[in-house]
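The values are calculated or read from the model by the stated rules, or taken from the named source; none is laboratory data. These numbers come from a predicted model, not from an experiment. Here Cβ is always computed from backbone atoms with ideal geometry, including for glycine, and neighbour counts include all displayed protein chains. All accessible areas refer to the heavy atoms of the entire protein, side chains included, with ligands and DNA or RNA removed. Shrake-Rupley method; radii C 1.70, N 1.55, O 1.52, S 1.80 Å.
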Amino acid sequence: MKYDVNQLTLEEKIALLTGINEWQTSSANGKLPQIFVSDGPNGLQMFDENGVRKSATAMPALSLLAQTWDKELAYLDGETIANDAAEKGADILLAPGVNIKRTPLNGRNFEYFSEDPYLSGVLAREFIKGVQSRGIGTSLKHFCGNNREKGRRVQSSEIDERALNEIYYRPFEIALEAKPWTVMCAYNPVNGVYASENKKLLKGVLRDKFGFDGLIVSDWASVQSSYKALKATIDLIMPYNEDTLPNVKAALEKGYITMEEIDTCVTNVLKLIEKVQNANKQINYTKEERHENAVKIAKAGITLLKNEENILPLKDGGNYLVVGDLSKKPIGGLGSAYVQTDYEQKPIKELLQEKLPNAQVGYDKGACACADWAGANRVKLEYAKRCYVEAYGKDAVVVFVSGDTEGESFDRSHIKLKREYEELIENLLKYNKNLIIVVNSASAIDMSDWIDDVKAVVYEGFSGEGTNEALSSILVGETNPSGKLAESFPYDLDDTFTGDYAGDGFVEWYNDSIFVGYRYYERAGIDVLFPFGYGLSYSKFAYSNLKIEQTDKTDFTVSYDITNTSDVDGAEVSQVYVKDVFSMVVRPEQELKGFEKTFLKAGETKTVSVKLDFRSFAYYSTALDRWHAENGVFEIRIGASSQDIRLVGKVNIELEDDEQQSQAFVYYNN
Ligand code: GLC
């Protein structure tokens with residue numbers, strides 16, 4: 001190693017275990033280079049010396065990236081953000097977040113991938129590879145059980161071992177395959193011990209079980225006692241913590257912490273400094289190309305949820321009205337993942353007019369006039385009426401709406417649209433039935449009050465600075481939508497397991513255990529508005545010719561054909577679910593264990609191949625304290641969504657008897 005822990009005095013060592021400010025590590029009295037860390041998952045959030053945000057490429061939120069189901073785009077996303085980081089002098093990007101979307105109320109769902117651990121882990125892994133390919137480090141976060149914002153600094157997530165291993169650890173375990181330079185602990189306690197002091201979590205699971213050999217950084221101001229965090233193998237306490245020096249020195253004198261434990265943490269910081277110094281930071285995209293990458297990802301993730309009478313794509317020569325401010329300036333999420341971009345988007349009305357030169361495309365502000373609908377004075381009422389008069393007789397009205405604000409440190413209070421947007425839709429329907437609703441939100445929305453009355457719904461998500469270019473391209477059919485939902489959309493918040501219960505402020509019991517998202521709805525027999533993995537295209541796809549080849553005891557190669565039966569080129573996300581038909585423990589109806597996104601020209605057929613292995617069949621046995629696959633029959637289900645299974649095959653797992661437990665009974669996991 002280039003830097004030797006013995007070069008440092010005790011004070012220098014301890015100073016190295018916390019920042020010197022929000023974003024930098026100590027130089028140990030000039031003996032060491034400093035590391036500069038920066039948020040975030042949706043683009044670079046960096047501040048200048050006056051605390052003013054620097055401009056960077058506002059990429060789509062990770063929730064939108066997840067809707068692309070595209071591993072290559074996940075890599076491209078990370079690579080693009082790393083370009084900004086390299087250009088602006090950041091060494092480590094504090095991303096990606098892989099916390100599971102256990103409740104649609106969570107304010108930070110826009111920063112995370114999915115309700116499913118496999119989809120989350122695989123896309124995070126590719127994102128990390130993309131970032132680190134440019135010589136920029138990452139911070140896989142927040143480990144673990146940070147699944148809502150309410151009470152995040154105090155409320156303990158009480159999670160059983162199966163749920164921890166199968167749901168909450170799992171995305172981290174998969175993403176660690178990309179060897180992130182750092183992992184960030186969560187704010188919250190897990191089973192009664194703060195994540196920052198939870199040695200079982202940080203050393204027992206992350207380091208010893210999963211083999212993580214990088215640096216563990218605390219979430220910002222998440223450390224309660226510095227020496228306890230260091231003993232739990234946190235290596236870097238961020239940001240600068242004035243208690244760290246006195247706290248650690250006193251603990252050392254009392255024998256609560258040893259010099260060896262301190263040196264281990266210091267050595268991990270020195271290793272990271274060396275990694276940063278040796279990194280070959282490379283910029284490979286111009287600013288314009290980074291913007292184009294943002295547009296490309298947005299195009300692939302924006303999801304078409306309804307398209308009655310094929311009202312979309314819009315036709316040149318049509319007579320349309322665009323309604324709502326969000327068509328000019330789409331919203332994103334707030335908090336550490338916010339990105340300040342200097343890119344000025346053209347309004348949708350303008351972009352549609354450019355793309356449909358023979359169409360008539362009008363614009364009206366819409367919503368705000370309706371906000372005052374009930375108490376409107378005469379002028380505002382007239383304004384509101386103008387919106388409806390404008391809408392009357394149009395071939396279609398494209399209405400931009402959103403739910404509650406989403407961001408860090410708070411949760412949504414409901415999952416419906418903002419009231420004025422529900423009223424806007426209600427009122428517009430009196431004047432025109434051909435409504436196309438564009439939802440500028442990043443987590444599930446309860447659309448049950450209006451979904452049956454409108455002709456089309458486009459889930460725009462938080463798609464970054466390329467939103468309007470991507471959306472307008474989809475609306476006119478230049479781009480064939482190919483996004484699919486990475487979280488279930490319930491009919492009603494009460495249909496979710498947690499509903500509006502958010503713990504008692506001190507403890508939240510994860511009594512849903514492994515039954516999260518579609519795993520819950522399917523087991524509870526609750527219908528959802530739109531299922532996990534659902535999304536429409538302008539194309540149609542047929543599935544055929546399922547073949548399953550066993551290549552080892554629990555290894556299989558699954559292959560199947562997909563045909564684009566339409567006359568429009570498009571892309572299809574096919575999903576591979578595995579069902580353990582009979583088991584000694586209760587298991588979900590099915591679990592996602594593979595997926596591919598396949599681009600198909602009109603009429604084209606391609607063969608898709610997905611590999612399954614031991615972990616595709618195993619569950620986490622708390623009796624054996626390991627992953628365990630039981631002998632017996634498993635269904636292999638190929639779906640266009642979790643609820644649209646197109647092909648089903650069966651395999652038998654037949655492991656040696658000494659790898660199996662005696663069975664007194666079996667669950668039928670239907
Ligand atoms: C925040 C977030 C974390 C972020 C860090 C630095 O509180 O929880 O995701 O990277 O602090 O802003």
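Could you run through region 549-565 and say how many residues are within 29 Å of the chain's Cα centre (by Cα), under 10 Å from Asp613 (Cβ atoms) and surrounded by fewer than 15 Cβ atoms within 10 Å (Cβ to Cβ)?
Of the residues in region 549-565, 1 are within 29 Å of the chain's Cα centre (by Cα), under 10 Å from Asp613 (Cβ atoms) and surrounded by fewer than 15 Cβ atoms within 10 Å (Cβ to Cβ).
For the structure I just gave you, tell me whether Phe36 is touching a strand residue (DSSP E or B) at 6+ places or on another chain (Cβ under 8 Å), open to solvent by 10 Å² or more (accessible area, probe 1.4 Å), free of Cβ contacts under 8 Å to residues at least 40 places away in the same chain and within 16 Å of the ligand (Cβ to nearest atom).
On the way: touching a strand residue (DSSP E or B) at 6+ places or on another chain (Cβ under 8 Å): yes; open to solvent by 10 Å² or more (accessible area, probe 1.4 Å): yes; free of Cβ contacts under 8 Å to residues at least 40 places away in the same chain: no; within 16 Å of the ligand (Cβ to nearest atom): yes.
No: the conditions fail for Phe36.
If you go through region 7-33 one residue at a time, how many are more than 21 Å from Val223 (Cβ to Cβ), modelled with pLDDT of 95 or more and open to solvent by 20 Å² or more (accessible area, probe 1.4 Å)?
Looking only at that region, the number is 6.
Condition first: away from the ligand (no atom under 16 Å from the Cβ), buried (at least 23 other Cβ atoms within 10 Å of the Cβ) and β-branched (Val, Ile, Thr). Can you find one or more residues in region 160-169 that meet it?
Yes - at least one qualifying residue is present in region 160-169.
Name every residue in region 94-118 that is more than 16 Å from the ligand (Cβ to nearest atom) and buried (at least 24 other Cβ atoms within 10 Å of the Cβ), in order of residue number.
As a first pass, look at region 94-118 and keep what is more than 16 Å from the ligand (Cβ to nearest atom): 102-105, 114-118.
Scanning region 94-118 gives Arg102, Thr103, Pro104, Leu105, Ser114, Glu115, Asp116, Pro117.
Can you tell me which condition Val608 does not meet? The list is (1) in a strand (DSSP E or B); (2) closer than 24 Å to Ile514 by Cβ; (3) not small (Gly, Ala, Ser), and all the others hold.
(2)
Just need a number here: residues in region 644-666 that are more than 25 Å from Glu173 (Cβ to Cβ) and in contact with a strand residue (DSSP E or B) (Cβ under 8 Å, 6 or more places away or on another chain). Break it down into steps so the answer makes sense when it comes.
Of the residues in region 644-666, the ones more than 25 Å from Glu173 (Cβ to Cβ) are 644-650, 652, 654, 656-658, 662-666.
When the remaining residues are screened for being in contact with a strand residue (DSSP E or B) (Cβ under 8 Å, 6 or more places away or on another chain), the result is 645-650, 652, 666.
Going through region 644-666 one residue at a time, the tally reaches 8.
If I go through region 466-504 residue by residue, how many of them are in contact with a helix residue (DSSP H, G or I) (Cβ under 9 Å, 6 or more places away or on another chain), open to solvent by 10 Å² or more (accessible area, probe 1.4 Å) and among the charged types (D, E, K, R)?
Residues in region 466-504 being in contact with a helix residue (DSSP H, G or I) (Cβ under 9 Å, 6 or more places away or on another chain), open to solvent by 10 Å² or more (accessible area, probe 1.4 Å) and among the charged types (D, E, K, R): 5 in total.
Please go through region 50-93 and give me each residue that is within 14 Å of the chain's Cα centre (by Cα), within 15 Å of the ligand (Cβ to nearest atom) and not in a helix (DSSP H, G or I), ordered by number.
Once the filter is applied, which keeps residues that are within 14 Å of the chain's Cα centre (by Cα), within 15 Å of the ligand (Cβ to nearest atom) and not in a helix (DSSP H, G or I), region 50-93 yields only Ala61.
Give me the pairs: first residue in region 14-28 and more than 18 Å from Ala232 (Cα to Cα), second residue within 12 Å of the ligand (Cβ to nearest atom) and open to solvent by 40 Å² or more (accessible area, probe 1.4 Å), beta-carbon distance under 8 Å, and six or more apart or on different chains, which are they?
Pairs that qualify, where the first residue is more than 18 Å from Ala232 (Cα to Cα) and the partner is within 12 Å of the ligand (Cβ to nearest atom) and open to solvent by 40 Å² or more (accessible area, probe 1.4 Å), are Glu22/Phe47; Trp23/Phe47.
Across region 47-72, which residue is farthest from Lys287 (Cα to Cα) among those that are surrounded by fewer than 24 Cβ atoms within 10 Å (Cβ to Cβ) and at pLDDT 95 or above?
Just the residues of region 47-72 that are surrounded by fewer than 24 Cβ atoms within 10 Å (Cβ to Cβ), to begin with: 47-55, 71-72.
Imposing the further condition that a residue be at pLDDT 95 or above reduces the set to 55, 71-72.
Numbers: Ser55: 11, Lys71: 23, Glu72: 20 Å.
It comes out as Lys71.
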